[in-house]
1. Consider only pairs whose beta carbons are under 6 Å apart and that are at least six residues apart or on different chains; among these, list those whose first residue lies in the stretch 61-86 and is within 18 Å of residue 175 (Cβ to Cβ) and whose second residue is modelled with pLDDT under 95 and surrounded by fewer than 19 Cβ atoms within 10 Å (Cβ to Cβ).
2. For residue 81, which of the numbered conditions (1) under 18 Å from residue 29 (Cα atoms); (2) in contact with a strand residue (DSSP E or B) (Cβ under 8 Å, 6 or more places away or on another chain) fails to hold?
3. Just checking, which of 143, 125, 101 is closer than 22 Å to residue 22 by Cα, over 15 Å from the mean Cα position of the chain (by Cα) and assigned by TED's automatic domain parsing to the domain that holds residue 20?
4. Show the residue pairs meeting these rules: Cβ distance below 7 Å; 6+ apart or different chains; first residue within the stretch 232-250 and not assigned by TED's automatic domain parsing to the domain that holds residue 274; second residue modelled with pLDDT of 95 or more.
5. When the residues of the stretch 165-189 are filtered to those that are in contact with a helix residue (DSSP H, G or I) (Cβ under 7 Å, 6 or more places away or on another chain), in a loop (DSSP other than H, G, I, E, B) and free of Cβ contacts under 8 Å to residues at least 60 places away in the same chain, which remaining residue is nearest to residue 117 (Cα to Cα)?
6. For residues that are in contact with a strand residue (DSSP E or B) (Cβ under 8 Å, 6 or more places away or on another chain) and over 14 Å from residue 170 (Cα atoms), scanning just the stretch 115-126, find the one that is surrounded by the most Cβ atoms within 10 Å (Cβ to Cβ).
7. Please tell me if residue 83 is more than 14 Å from residue 213 (Cα to Cα), in a strand (DSSP E or B) and assigned by TED's automatic domain parsing to the domain that holds residue 155.
8. Mind listing whichever residues of the stretch 46-57 are in contact with a helix residue (DSSP H, G or I) (Cβ under 7 Å, 6 or more places away or on another chain) and within 13 Å of residue 69 (Cβ to Cβ)?
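The values are calculated or read from the model by the stated rules, or taken from the named source; none is laboratory data. Since this is a predicted model, take the numbers as computed values, not measurements. Heads up, the Cβs are rebuilt from the backbone with ideal geometry, glycines too, and the neighbour counts pull from every protein chain shown.
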């Protein structure tokens, strides 16, 4: 089979997720949209992942199976390896412990096809536990049938600087060409939060489409970083470095910088992080807000809270 004409390259990077790997690969192969190649990467797993992967070697969609001889310790190095091998115009990094609705690609690919200016499309997600049970939590509070078009620059500045709204690689399909325009030094050295920095910089390249349907299933379990883990302290170091990089990236200054500092200083102070002073001392550009700046941020959020009340 010739893969160079496939529209989408699906990359499944795996490390010791044999328990979920078959479900993940089947969720890709069973997509209603079939114009894709499948690239399976294994980062030197010590479980029986290889046995499961080999079952798919003869599948006509599978273009590459690559086993690392040494663990890289970096998901982003695996991403880069997969993108280098990819022949498709679009990339879907389908994490090996997640799964997806059959209509995931058929819903997202047309959004990228709609305009060359669209560099990224993402869906909303169900959060599931290790057994596949749906969890109640989700940071997207407007899930439904809406399709929202965003200016990427504004989305990055106004949304991604406030939280990692694109919190799971499996929910995204993006242009392969955009990958090579992101400086690796901006994200590759992070262990748990580099995706936040990566997606932000992809957004800066063009338009973004948000498909509000929950088409992705993001698995939360003990082996994986959750939103709450960021309150433990270790991940705050990465978050803090990323937040610091956003200040020059978005040219924050004046009232905008005050609101930014007010938001993140408030979040740090109410978090479960034990040594808050460490972050205040080491990242004063992010957490050095005055009481007035924190107050200013709280006041700025009042219209949003009122809007949310009317939605209920």
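1. These pairs meet every condition: 76/188.
2. (1)
3. That would be 101, the only listed residue that is closer than 22 Å to residue 22 by Cα, over 15 Å from the mean Cα position of the chain (by Cα) and assigned by TED's automatic domain parsing to the domain that holds residue 20.
4. From residues that are not assigned by TED's automatic domain parsing to the domain that holds residue 274, there are no pairs.
5. Filtering the stretch 165-189 for residues that are in contact with a helix residue (DSSP H, G or I) (Cβ under 7 Å, 6 or more places away or on another chain), in a loop (DSSP other than H, G, I, E, B) and free of Cβ contacts under 8 Å to residues at least 60 places away in the same chain, the one nearest to residue 117 (Cα to Cα) comes out as 182.
6. 119
7. Working: more than 14 Å from residue 213 (Cα to Cα): yes; in a strand (DSSP E or B): no; assigned by TED's automatic domain parsing to the domain that holds residue 155: yes.
Against the criterion (more than 14 Å from residue 213 (Cα to Cα), in a strand (DSSP E or B) and assigned by TED's automatic domain parsing to the domain that holds residue 155), residue 83 does not qualify.
8. none
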